[in-house]
1. Going Cα to Cα from B:K577, which lysines come in below 21 Å? Please leave out same-chain ones fewer than 8 positions away.
2. Would you calculate the separation in nanometres between label points at B:T381 and B:K215, each defined as 7 Å from the Cα along the Cα-to-beta-carbon direction?
3. Among residues other than B:M386 whose Cβ falls under 11 Å from its Cβ, what is the net charge (Lys/Arg +1, Asp/Glu -1)?
4. Taking +1 at the Cβ of each Lys and Arg and -1 at the Cβ of each Asp and Glu, which of B:W496, B:V172, B:I484 sits farthest along the dipole of chain B towards its positive end, judged by Cα position relative to the Cα centre?
5. Within a Cβ distance under 12 Å of B:D34, other residues only, what is the Lys/Arg minus Asp/Glu net charge?
6. For the stretch A:1-70, what size does the Cα cloud have along each of its three principal axes, sorted from largest down, in whole Å?
7. Rounding to the nearest 10 and keeping the result within 0 to 90°, find how far the Cα-based axis of helix B:2-11 lies from the longest principal axis of chain B.
8. Relative to the longest principal Cα axis of chain B, at what angle does helix B:491-500 sit, 0 to 90 degrees, rounded to 10?
Amino acid sequence: MKTEYTITVYTENQVGLLNRIAIIFSRRKINIESLNVSPSEAESIHRFTIVINETEEVVRKLCRQIERQVEVLKAYYNTNDEIIWQEMALYKISTDAVAEKLKVERLLRECGARAVVIRKDYTIFETTGHREETDKLVEVLAPFGLIEFVRSARVAIIKASNGFHEKLKEFEAYEPAEELIENEFLNKQDEVFTM
Amino acid sequence: MQTLEKEITKTEVATTTISGSQALLEALIAEGVDTVFGYPGGAIMPIYDALYDYHDRLKHILVRHEQGGIHAGQGYARTSGRVGVVFATSGPGATNLVTGLADAQIDSTPLVCITGQVFAHLLGTDAFQETDVINITTPVTKWNYQVTDANEIPHILAKAFFIARTGRPGPVLIDITKNAQLQKIEYAGYKKCEHIRSYRPKPIIRKEYIAEAAKLINEAKKPFVLLGQGVILGKAENEFRAFIEKGNLPAAWTLLGLSALPTDHPLNVGMLGMHGNYGPNVLTNECDVLIAVGMRFDDRVTGRLDKYAKQAKIIHLDIDPAEIDKNVKSTVPVWGDCKETLPLLTKAIEERNHSEWLAKFAAYTKEENEVVIHKELNPDTDELTMGEVIRLMNEISGGEAVVVTDVGQHQMVASRYAKFNKSKSNVTSGGLGTMGFALPAAIGAKFGVKDRTVVAIIGDGGFQMTLQELGTIMQAEVDVKILILNNRFLGMVRQWQQLFHDKRYSFVDIQSPDYVQLAKAYGIAGATVDNRSNLKDAVRKMLNSEGAYLLEVMVGKENNVFPMVPQGCSVAEIRLK
């Protein structure tokens, strides 16, 4: 069954790597819902956060293909239960609408929106949260004339992760430490799957 | 920064001032490269200028088209077991490499391709012969990199060779801007790369999986081994042999696994796949343990996947973790280099006899022989068959020749019947199926093994795709034997049209020039033969000729390759006719 997965990829900072990773998805006609690239907790290591809707089998294979890339150190995939994530959104609406209509102010307050810029002609609000939350504010602001809206990609922290510092030391050593990967297929060969 | 500079002066590294182009050529020499296949052009001229002074240490073969250059590099890599090196200029020179890169990527052939690029300050300006070669080649390279500063050249080349030849090998492309080729650098010598922190060439061997695999093999009544190119790439032919001999395990090879084991080894039961042998295909769906070594369960091997070896427990040995469970779920994955995993497995398995099971393979071979093989190799009709040409080649060469095949019917017939005594004796385009591959690949193959006879077996369609490389053969005096099996059709497509499209022969009727005259124009001796009485002498003359020789054999127009697993069918549904 297709569900939302968040793929976290630890990589070198290398020109062209974004393309190398992106074509792994596009080659298989898989749409990337959201993509974020940022520094990670480990110095000089970058962190891709990619959200896709796919089955676990496909996601697992995609991660193996991503890990094959020379400049990729590690790719993890997680369901939404296994991560803490946020997305940020910006909303531009007319300052008059905010000032005149009490309802707008109440709505913004309810949604935890924060004013970033207030000018005579417009005000920019910001909210952070899950997609449903940021989407909801779009919906309620629309009747009051939402001038512009933009939402960032997802950033996510894996709940069970201890970070990449130790892992990086393994990668830097010539003989990396043994990694335990559970093989859930032992003696289970009743179905063959395709990508 | 200042302190760093001081420290460097303190250690007093002896440096010399050389250009980026010289640094590149020094890198090639340090990596043991002896032959480069290439074609010059504007953006790679500084490298060619430097090459002028290196011609005594680096042999450069001037090809007639960059695609020919890269296929030659592939042929060289496949017969020598070393990294093939190719030069091309920017723009069209670089784009002409793409087919060869895709071919090398899917068939895991180690290559380092060097392309020239416009000056760094012109990048992105649509300069003359500028093309975005890095982005064009990203999907078809194991790694690629654009050098804009000559100081990068030594360590980038070291990385390139390390990546190309280690782990699952593959093509690497290094694009060097013209300013970097010209730039003078302080050169402190070349240091080979042995480790890249983000790159693990081979996974760690998990001992418990070896034990688990050995247990399955020891319990098996009907074990069956699939042998892929991984055995050749891992230089594990002896380890493989020891493994199957201890357990008396029947082994079938994939198209790219050909020659990893001698053809007449008693445990070699033939070829897998769409046009493979009868027994290996049928018994895939009867074995109880399937042991795949260095192969990737290509669809041409598995046929219909949901009916593939469902009854069997599957042990998959591969160096590339992405291949495990990609197409066929493994019961026991044995990750690692088969050079290391096979001896561990051999140690853990018990000696077995499996004579009943082996007899089953023999019975299928007998049936295939009666229905297909005998009449293909010893036809009773007037028309010549491709099979009998291969049989005669085997009789005369004794299985000592390197066989380079193109793509199509002749490829399948040659792969089925050619005899191999030594590993790395088969060069073909398997995964990509590149028509036009054989002629240039044979040129490279010959440079890879200069003391062996190299025979390029090519159809009349494929030969016409890259026949310009006759010029390379002429100029570099390459001793390749060219065997054209001419059926005046694009035979494999015609076969499918006959079998699956009601004989609607849509654009498969292809005319040929006079190949003997064509060869003559290039100073290459040749002959054409269309009857059986002259055939053996003609094949002998080709194999024994001094230098290059072209032999065209007019074979039956509408012969089909059998057995055949029709597309979408299970391997057990293989047709003998």
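What follows is calculated from the coordinates using simple rules that are stated; it is not laboratory data. Computed from a prediction, not measured in an experiment: that's the story for all the values here. Virtual Cβ from ideal backbone geometry, glycine too; neighbours counted across all protein chains shown.
1. Those lysines meeting the cut-off are B:K360, B:K366, B:K375, B:K503, B:K557.
2. In this crude spin-label approximation the distance works out to 5.5 nm.
3. So the surrounding residues net to -1.
4. B:W496
5. Overall, the nearby charge balance is +2.
6. 37, 21, 18
7. Around 70 degrees separate the two axes.
8. 50 degrees
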